[in-house]
Structure formats: structure tokens, C-alpha cells
Amino acid sequence: MPSLVINGNKRLTGKVEVDGAKNSVLPLLAATILCNGKSVLHNCPILSDVDISLKILEGLGCVCKREGHTITVDSSGVFDCCIPETLMRQMRSSIVFLGAIVSRCSIAKLSTPGGCELGPRPIDLHLSALRQMGLEIKEDFGILDCKVKDRLHSADINLSMPSVGATENIILAAVNAEGLTVIRNAAREPEIVDLANFLKKCGAKISGAGTGVIEITGVSQLKPCEHSVIPDRIAAATYLSAAAITGGDILVENVDNEHIISIINCLEQSGCRINQYNNSVRITAPERIYRIEKINTLVYPGFPTDAGPPMMAAATVADGTSMFIENIFDNRYKFVDEIKRLGAKIKVAGRVAVVEGVKYLTGAAVEATDLRGGAALVLAGLAAHGTTTVGNIWHIDRGYECIENKLCGLGAEISRIV
Ligand code: EPZ
């Protein structure tokens with residue numbers, strides 16, 4: 001099985017460029033279904049989750065072409081409305097295709113995505129919102145059989161929690177639905193704004209993206225457009241944490257500093273010096289960071305749950321004891337047992353993780369348990385004395401493009417063994 005081998009205890013220096021955001025390119029690819037013609041997306045990261053999305057689009061009849069970080073999707077030939085179970089199971093966020101498929105085809109058939117490493121990933125908010133918009137959904141034996149009587153119609157939707165995926169699904173269903181759809185308690189993540197900006201370029205009428213109330217007035221037809229995906233704020237947080245854990249000094253390029261304010265605040269609290277420029281940020285870490293008193297993961301603009309594991313890796317060698325409180329996913333701490341094999345001292349009680357900083361970690365063989373937990377293990381290996389082997393790196397390849405190349409560019413001794 002492919003793994004990453006890291007000879008640790010090396011200070012990272014130099015510069016690294018962040019790729020386009022995985023959590024933006026996935027809904028953007030779904031949105032191309034609505035634009036009858038050739039849409040062009042630039043700054044698309046080369047990730048296995050993106051590959052799965054392209055397979056879903058091709059299964060629907062789209063013609064997809066990737067040239068480096070540019071993806072072209074011609075959706076003029078959409079003829080199918082089903083997503084095979086195998087693809088749904090490989091990527092639970094495929095549910096975000098539902099809104100776009102029913103908006104284009106008025107029917108859709110897909111399996112419920114099921115849970116993932118982070119715990120149960122319910123879709124009740126997605127389904128109840130789409131039902132309010134006139135979608136009939138039969139849920140039998142894990143299959144969602146969906147059809148629209150005549151046309152999706154507007155609705156005033158109040159989300160019980162600001163779900164990112166549900167907000168995206170509603171927007172994708174509403175852009176062609178008759179009338180004014182209002183989403184209250186909408187997710188405010190930058191990826192929502194990016195999706196809205198793409199759809200507005202295609203002719204959609206959307207206001208309020210990035211706030212808690214989003215209004216969408218349905219239009220009859222969207223035209224294809226060209227768009228560049230926003231930078232990946234979680235990847236940026238990961239590379240910044242890599243500097244923090246190795247006492248490094250790195251320049252992270254292609255970032256939107258607005259999107260990482262909560263992460264920067266945290267790193268400054270730990271004693272790192274931060275200089276922010278137009279679309280880059282420089283971090284100069286002390287040899288040993290201070291403990292991070294408390295990190296509460298919250299919806300945007302709070303500290304993002306996905307940045308928790310990389311930051312926790314840094315906290316394992318901090319001077320003092322740090323506390324993390326995970327408020328989004330049940331199994332976010334799945335990776336903790338693995339990082340403890342490197343000598344980390346972490347106590348987990350429900351949503352709380354108390355991290356007692358140790359002087360240094362020691363290399364060991366570990367297995368990635370999920371995407372961000374896997375990244376945390378890599379970061380711990382960068383700091384650990386000796387050699388660390390990280391297995392199950394397919395988790396990491398879902399969300400980081402060639403993480404080993406990027407880290408080698410910063411002076412890490414890391415290689416992929418296939
Ligand atoms: C998106 O997942 C991201 N994924 C996640 O990133 C991210 O952690 C999450 O938003 C929170 O920011 C993509 O964008 C592809 P949610 P999503 O719906 O949309 C509950 C990564 O590592 N919920 O905002 O699934 C749910 O159980 C991934 O890149 C319901 O109860 O997140 C969770 O507790 C991991 N019912 C909370 O809401 C629903 O119908 C947040 O989920 C939907 C969600």
C-alpha cells in the first residue's frame with residue numbers, strides 16, 4: 001500500500017503555493033451541469049475527490065477535459081440522472097450533485113452517501129429543503145429516487161444548522177426554480193461565495209452569499225462561463241501548521257488572508273510571527289511554540305473544524321497544555337490514537353481533547369484514518385526525531401495535491417513509497 005516515509009526533525013523554510021480549494025471545486029463542478037455548454041474552471045487541484053466528481057459528470061453525459069489545473073466541462077449532452085452507488089460511496093459529498101441534477105433533469109437517482117471516517121454524515125437538511133422546493137424523494141434501501149412534478153419552485157427555507165452542503169444544494173436547485181428562494185441560517189463559508197460568484201457569472205440572480213440569509217431568484221437558463229477556484233484555506237492552514245511544528249519560516253502563496261483570520265489569530269497566540277501580504281502570508285515560528293489555550297471549532301468565520309487536526313499536531317510539541325473543542329463532527333479525533341504512537345500526550349473526552357506539549361516526538365509507523373487526521377500525522381512526522389511512515393495515504397490524496405512534493409520544496413525529507 002502506498003505510504004509516505006518522513007525523516008523528521010527538520011526545520012521548514014522557503015515558499016509553498018496553495019492549490020485551489022477542494023471544497024469549492026466540488027460544488028462548482030456540480031454547477032456546470034446547469035450551464036448548457038462548455039464551462040472552464042481554472043486553479044482546480046489534482047485530487048482524487050475531483051477525479052470522482054469528473055467520473056460522476058461523465059456518467060451523466062458531460063464531456064470533461066483536464067489540462068493541468070484547468071478543467072473544461074461540456075454539459076450540453078447531459079442525458080442521464082443517476083450517480084452509481086460506487087461513486088457515491090467513494091465521496092459522500094457527491095450529494096451536492098443532487099440539486100443540480102434535479103434542476104437540469106427533473107429526476108435523479110442516487111444512493112444515500114452513508115457515513116464517513118468523521119462519523120454519520122446525515123443529509124436530512126438537504127432532503128427536507130429540496131422537498132420544500134417541490135422535489136418528491138423516495139428513500140428505499142439506501143436509494144434516493146427523486147422526481148419533480150412539473151418544475152422546482154421557490155421556498156423560504158430555514159436551516160436548523162448552517163450546513164455547507166445543504167446551502168450549496170439549495171442554491172443549485174434554486175437558480176432555475178420559479179420565484180424567490182430564501183435560505184435562512186445559511187452557511188457563510190467562502191466556498192459558498194465562490195459558488196454564488198460562478199453562478200452569477202452564468203446569469204443566476206443571487207444575493208447575500210457569505211451572510212446568513214441568501215436570496216435566489218430563479219432564471220430560465222444559465223450560460224456557461226469561465227471561473228478561477230478560490231485558494232484552499234484548509235491547505236493553507238496545514239502548511240502554516242507545518243511551519244509551526246518545525247520552528248520554520250515559510251511564505252505561503254496564493255492565499256486569501258480574509259479566509260484564514262481565525263487560523264492566523266491562533267498561530268500568533270502560539271508565538272508565531274505573521275506577516276500578511278496581498279495574496280500570501282509569511283510565518284516565522286519560534287523553536288518551540290507556546291501552548292494554544294483553547295480552540296473551539298465553529299462554522300465560518302470561526303476556527304474551521306478541518307484545520308483542527310493540523311493545528312493539534314503543532315500543539316503536541318508546544319510549551320504547555322492546549323485544549324481543543326470539536327463542535328462539528330463526532331469522530332474528528334479518530335487520528336489521535338495514531339498520533340500518540342509518536343509520543344504525543346493527548347486525552348480525549350467526548351468533544352474535548354487536552355494536548356500536553358512534549359519536548360519532541362519520536363518517529364513511528366502510523367496509518368491515516370481520514371483526510372485531515374492524515375495530514376496531522378504527516379506534520380507530526382516532520383517534527384519527530386527519526387523516521388515516520390504514514391500508511392493509508394489515499395485519505396490524504398483526497399484533499400492535498402502531491403503533499404510530499406510541496407513539503408520537499410520546504411526542505412522536508414519525505415518520499416512516497418508505492
Ligand atoms: C463541508 O462538509 C466540507 N466538505 C467539510 O470538509 C467541512 O468540514 C464541513 O463542510 C464543515 O465546514 C465539503 O465541502 C465537500 P456540513 P458538509 O453540512 O457540507 C450536520 C474536508 O475535510 N448535518 O456543514 O458535509 C453534519 O453531521 C471536509 O475537506 C446534518 O445534521 O458539512 C455536521 O455535524 C470534511 N444534516 C454538520 O451538520 C445535514 O443534512 C456540518 O455539516 C447536513 C449536515
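Results, tabulated for the structure shown:
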quantity: Surface share of carbon and sulfur [accessible, 1.4 angstrom probe, percent] for the chain; calculated: 51 percent
quantity: Gyration tensor verdict on the chain (Cα atoms; rounded if a/c is under 1.5, prolate if a/b is larger than b/c, oblate otherwise); calculated: prolate
quantity: Relative pair counts by distance (%), Cα atoms of region 273-323, 10 Å bins; calculated: 22, 44, 33, 1
quantity: Cα convex hull of region 67-110, projected area averaged across orientations, nm²; calculated: 3.9 nm²
quantity: Rough spin-label spacing in nm, given labels placed 7 Å along Cα→Cβ, for residue 358 and residue 15; calculated: 3.7 nm
quantity: Protection-proxy order for peptides 358-367, 222-231, each taking the mean of Cβ atoms within 10 Å per residue, highest first; calculated: 222-231, 358-367
quantity: Within region 297-313: backbone nitrogen closer than 19 Å to the residue 258 label point (7 Å, Cα to C-beta); calculated: 299-304
quantity: Radius ratio Rg over Rh of region 309-401, counting only Cα atoms, Kirkwood formula for Rh; calculated: 0.94
quantity: Highest-first arrangement of 344-352, 251-259, where packing means the average Cβ count within 10 Å; calculated: 251-259, 344-352
quantity: Cα-based radius of gyration of region 156-195 once divided by 2.2 N^0.38 Å, which approximates compact folds; calculated: 1.08
quantity: Positive dipole terminus of region 19-153, leading residue within 133, 50, 39 (C-beta point charges); calculated: 133
quantity: Accessible area (Å², per residue) of the chain, counting only protein heavy atoms and a probe of 1.4 Å; calculated: 38 Å²
quantity: Cα-projected label distance for residue 180 with residue 201, points at 7 Å along beta-carbon direction, nm; calculated: 2.8 nm
quantity: HN-Hα J in Hz across region 60-65 - Karplus 6.51, -1.76, 1.60, θ = phi - 60°, x for Gly and Pro; calculated: 7, x, 7, 10, 10, 9
quantity: Average silhouette area of region 1-90, convex hull of alpha-carbon atoms, in square nanometres; calculated: 8.0 nm²
quantity: Paramagnetic reach from residue 219 (point 7 Å along Cα→Cβ, amide N under 20 Å) across region 177-205; calculated: 177-183, 192-205
quantity: Region 118-219 shape via C-alpha gyration tensor axes, a/c threshold 1.5; calculated: oblate
quantity: Reduced Cα scattering model of region 200-318, Debye log10 I(q)/I(0), q = 0.12, 0.15, 0.16 Å⁻¹; calculated: -0.52, -0.71, -0.76
quantity: GNM result for the chain, Cα springs below 10 Å: residue of 391, 212, 247 fluctuating most strongly; calculated: 212
quantity: Euclidean distance of C-alpha centroids, region 106-129 and region 314-354, integer Å; calculated: 28 Å
quantity: Residues of region 306-341 with amide N under 15 Å of the 7 Å Cα→Cβ point at residue 347; calculated: 321-324
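The values are calculated or read from the model by the stated rules, or taken from the named source; none is laboratory data. The shown structure was predicted, so the numbers you read here are calculated from the model rather than taken from an experiment. Here the Cβ is made from the backbone with ideal geometry for all residues, glycine too, and neighbour counts use every protein chain on show. Surface accessibility is based on the protein's heavy atoms, side chains included, excluding ligands, DNA and RNA. Shrake-Rupley method; radii C 1.70, N 1.55, O 1.52, S 1.80 Å.
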